[in-house]
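Below is one structure; the comments refer to it alone.
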Amino acid sequence: MSQHELQLCGQILEEHFGCLVEKVATTLIARGRSTLPALVQATKLSVKITREKATEGTRAVVYYQASIREILLRERFPLFIHTAASLFGAPAGLIVQKTLENGTLSPSKIGPTDDMSIGQLSEGMAQLLDGAFLVPLQATDHVTLNDKLIREEREAVANAGMGAPLTSTELTKLRKSLAQQRSEFNQSVDVGSKRKVVLDFEDEENKKKQRGEQYTIEKDEKFYRINTERFNLHLRNSQIAHYVKNYVNETGASLIQAMLNYGFPRMASCKEKLSPSVRRDMLGTLLRGQDFNIHGRVSNPAIEYMDLLMSAHSQIITNIDGSQYAVNLRNAVRALQVDMIESIIQEKFGLVSRRIWRLLHMRSKQDEKQVGKQAMVNNKVARECLYAMFKAGFVFLQDVPKTVDHSASRTYFLWYTSVERTCSILLSCAYNTSHRLKLRRKKEMADRTHLIEKTKRTDVLSGEAGLSEHDIEKLEELKQVQKQLQFSEWRIDEMVMLLRDFQ
Amino acid sequence: MGPPTLSQTEQTLLVTLRKFPKGTNHQALLDHLQTWTETDIVEGLNSLSSKHFVDFLESSTQGVIFRARDAEEATKWDLLDRNAACPHRALTLNRESRRTGSMNEQERIVYQFIKASSNKGTWVKDIKVKSGLHGQVVAQAIKSLEKKSLIKAVKSVKTPTKKVYMLAEIEPSAELTGGAWYTDQELDVEFIDQLSNQLFKYIGAKSIPPDPQFIYPSSHPFPTCADLHRWISKSGITTVELSRADVQSLLDRLVFDSKIEQIPIGGTTGNDDDDEDLDEWNMDEDSEDVWAYRASRRNFTDGSAWTDVPCGRCPVFSFCKEGGPVSPSGCVYFKKWLEY
Ligand code: SF4
């Protein structure tokens, strides 16, 4: 975990819970799992406060151990709420918001609001459940990941050693195989609801209606939690479609979106390599009634789009046995990342650098002269670009010594790119930037404390004393600044999402 | 002006020598002129050499070999000699010979090597090694030959700091000048940019339908390198002659710029491993094209989330720290960005 992540966590907690929670939690992150007395000593707060604060963020801080991932994810709450609202309407948005606020939610506890009836809320809830955006809480959900891992390891050790203690090599081996098992398990297990075979659309519609009427939040006493992975999946899918829109056209984007929507009920994790496949003859029906926008006559227009995407360098469509098509999710996410890297390079270092980066990306390791020749620029220019990108973590150097003494004058230096490495560097830059944006936002607020206080005065609120024109202007300005900073924070979080959560 | 007169023996030797256009060693001459003694041959060669009718060369297999010059060149040398001796006659001599000054023995040797290198040129160091002359002598000879405008120094694009020498009237080879993309040993980036733009526009017109929201089916004849080479040669957009490999480099550059995409001809291979082999194939001048090209619709003009905030472009990103000399709260870039 980097310094930037820690700082960012602290800030998010401060924003969401205030400075005491922040203090306790950052101490927890820095120290790892701690007992209460140890925490009290480290934070120099009273026992009572510490205990209260440590349990306050119900989801964020559990059993006196802070989960960085969960804290960082809080940054995405607005996006989740927005996604739910735009998918299923405002009631769904409200439900998600409440769930996020409380960590868990029992639908029977949501009362009707002024503009939302029980019926609307029930429908929203039903849709969220259907899409597995909300899932029932299970007893094991309260066990943190670390606890699970520790227990698993303890059991495995007990089984393997037959009572005798293990040597350290045996232990390492055991841990490795456990890690292997876990990753396999994650990839093979299906979460979320399975789509049923639909035989009669109308019948299904009717059934749904009935269910909608039957299901009401008032009767549902179960507790639910947010399934963040489903949100990530949904957001990833729409980004892939957006990518296709940039590279091909609207029609291509709709087709890919339709393919992904079709497979969505069966997607469980962003780690899956391929989307559920679509039969060749089914493809055309995905965009029923729409024009395919192909110049000239072709027998199967949807296949043209598949061919186009398969012939492109990014390879985001995979053909299975000639009869099925699937979106290659891993390649698609990689293409999104490469696209982002290219944009950043173009903005930071200019066109020639982007050309050089792509050249290295497509042709692997090259020395400086080869780079200059293929990019068709002077070697001097090439060198400058390479070093600038090297400093910022976009290209890397590999040395190939000609002699055993590794003397620099008898060594080839080859340049290469690594999307993974650059992504992890960019991720830490994104955390860092997010942190700074937050600091700046805080400062902008601090600069105008007296103004903000004034707006909260009782006489101003009741309308007895007005704000001067200057004040109103300043307030408007503050609003703009806040908006701009907040908006940038969200965009940076989207960057984090692509770098961290989509793969 | 007639050629310098030769004695009977000299003429006989010269005729024999001319039987070997590539030169021969003295053993072969002995075999041919069976009545001659070794001293006769040596003396004859020396006097021919002083009259510029014969070159002494060094061969790796045969030792020193002798080669006859053609008559014209011998005359030129002779004129140079006389010219030096009697300057007032210079007016009547042809242009080549009007260059003042004579060539001494060392200069002549150096001139030989430079001439032999033809349009590739040769380095001082090579002349030194091959001639066995002292470095200073070679340098002097080169200097005086340059003064007489008999040779010229040319810089190679590959080794811009080293000079190579060739005869004044020779055009340097493409290897030295860098080929089509170089003007005065400098990479002509402007020319390349212009040409790529033209090429890009043409590929765009050939690969994107008039309504850009439409796509061409895969059966559409997307242009290949050969097509584009033909088009460039015919269109007259440049007077510089471009080879197919030149056009291929332009295309590669456009691919790296993500302005165009390379697509396999005849459907999708979809196999990454083949790519490299195909690339090499394509470099071969006579081979069939395996790639076609289509214009990419993605343009990178919309910025990125990170570089749209000041930190994404900040030159002091790594030093910036709250409480330090550069900090987010005191940041001037932010101030400007938020504009108030
Ligand atoms: S806060 Fe300002 S100084 Fe610091 S990295 Fe961002 S732009 Fe640069």
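The values are calculated or read from the model by the stated rules, or taken from the named source; none is laboratory data. Keep in mind that this is a model prediction, so the values were computed, not measured. We place every Cβ from the backbone using ideal geometry, glycine too, and count neighbours over all the protein chains shown. When the accessible area is computed, the model is the full protein with side chains, heavy atoms only, and any ligands, DNA or RNA have been set aside. Shrake-Rupley method; radii C 1.70, N 1.55, O 1.52, S 1.80 Å.
Values as computed for the structure displayed
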{"quantity": "Residue check, A:SER428 within 20 Å of A:LEU13 (Cβ to Cβ), outside the structural domain of A:LEU8 (by TED's automatic domain parsing), within 16 Å of the ligand (Cβ to nearest atom) and open to solvent by 20 Å² or more (accessible area, probe 1.4 Å)", "calculated": "yes"}
{"quantity": "Enumeration of residues in the range A:404-420 that are of a type in the set (Ser, Thr, Tyr) and open to solvent by 50 Å² or more (accessible area, probe 1.4 Å)", "calculated": "A:SER409, A:TYR412"}
{"quantity": "Residue count, the range B:331-340 (criterion: near the ligand (Cβ under 8 Å from one of its atoms), within 9 Å of another protein chain (Cβ to nearest Cβ) and over 19 Å from A:CYS429 (Cβ atoms))", "calculated": "0"}
{"quantity": "Hits in the range B:195-222 - residues which are more than 10 Å from chain A (Cβ to nearest Cβ) and more than 42 Å from the chain's Cα centre (by Cα)", "calculated": "none"}
{"quantity": "Single match in B:GLN136, B:GLN140 (criterion: surrounded by fewer than 16 Cβ atoms within 10 Å (Cβ to Cβ), modelled with pLDDT of 80 or more and over 30 Å from A:ASN378 (Cα atoms))", "calculated": "B:GLN136"}
{"quantity": "Qualifying position, being assigned to a helix (DSSP H, G or I), within 16 Å of the ligand (Cβ to nearest atom) and among the aliphatic types (A, V, I, L, M), among A:LEU439, A:LEU451", "calculated": "A:LEU439"}
{"quantity": "Residue in the range B:294-310 that is within 8 Å of the ligand (Cβ to nearest atom) and buried (at least 17 other Cβ atoms within 10 Å of the Cβ) present", "calculated": "yes"}
{"quantity": "Single residue of A:ALA388, A:ALA326 found to be over 24 Å from B:VAL290 (Cα atoms) and in contact with a strand residue (DSSP E or B) (Cβ under 6 Å, 6 or more places away or on another chain)", "calculated": "A:ALA326"}
{"quantity": "Residue match in the range A:243-255 (condition: surrounded by 18 or more Cβ atoms within 10 Å (Cβ to Cβ), of a type outside the set (Ser, Thr, Tyr) and touching a strand residue (DSSP E or B) at 6+ places or on another chain (Cβ under 7 Å))", "calculated": "yes"}
{"quantity": "Where a residue in the range A:366-394 is without any contact (Cβ under 8 Å) to a residue 24 or more places away in the chain and its partner, wherever it lies, is open to solvent by 80 Å² or more (accessible area, probe 1.4 Å) and assigned to a helix (DSSP H, G or I), with Cβ under 9 Å and at least six apart", "calculated": "A:GLY372/A:LYS380; A:GLY372/A:ARG383; A:ASN379/A:LYS369; A:ASN379/A:LYS373"}
{"quantity": "Test for B:VAL326: is it aliphatic (A, V, I, L, M) and facing chain A (nearest Cβ under 7 Å)", "calculated": "no"}
{"quantity": "Failed criterion for B:SER218 (all others in (1) more than 29 Å from A:MET376 (Cβ to Cβ); (2) open to solvent by less than 50 Å² (accessible area, probe 1.4 Å); (3) hydroxyl-bearing (Ser, Thr, Tyr) hold)", "calculated": "(2)"}
{"quantity": "Filtered residue count, the range B:239-257, keeping only those that are touching an Asp or Glu at 6+ places or on another chain (Cβ under 8 Å) and either of a type in the set (D, E, K, R) or away from chain A (no Cβ under 11 Å) (or both)", "calculated": "3"}
{"quantity": "Residue match in the range A:264-284 (condition: surrounded by fewer than 21 Cβ atoms within 10 Å (Cβ to Cβ), away from chain B (no Cβ under 14 Å) and of a type in the set (Asp, Glu))", "calculated": "yes"}
{"quantity": "In the range B:297-319, the residues that are facing chain A (nearest Cβ under 7 Å), part of a loop (DSSP other than H, G, I, E, B) and without any contact (Cβ under 8 Å) to a residue 60 or more places away in the chain", "calculated": "B:ARG298, B:PHE300, B:GLY303, B:SER304, B:VAL309"}
{"quantity": "Test: residue in the range A:443-459 that is open to solvent by 40 Å² or more (accessible area, probe 1.4 Å), acidic (Asp, Glu) and within 14 Å of chain B (Cβ to nearest Cβ)", "calculated": "yes"}
{"quantity": "The range A:329-378, residues that are crowded, with 23+ Cβ neighbours inside 10 Å, more than 26 Å from B:SER249 (Cβ to Cβ) and at the interface with chain B (Cβ under 8 Å from one of its Cβ atoms)", "calculated": "A:ILE344"}
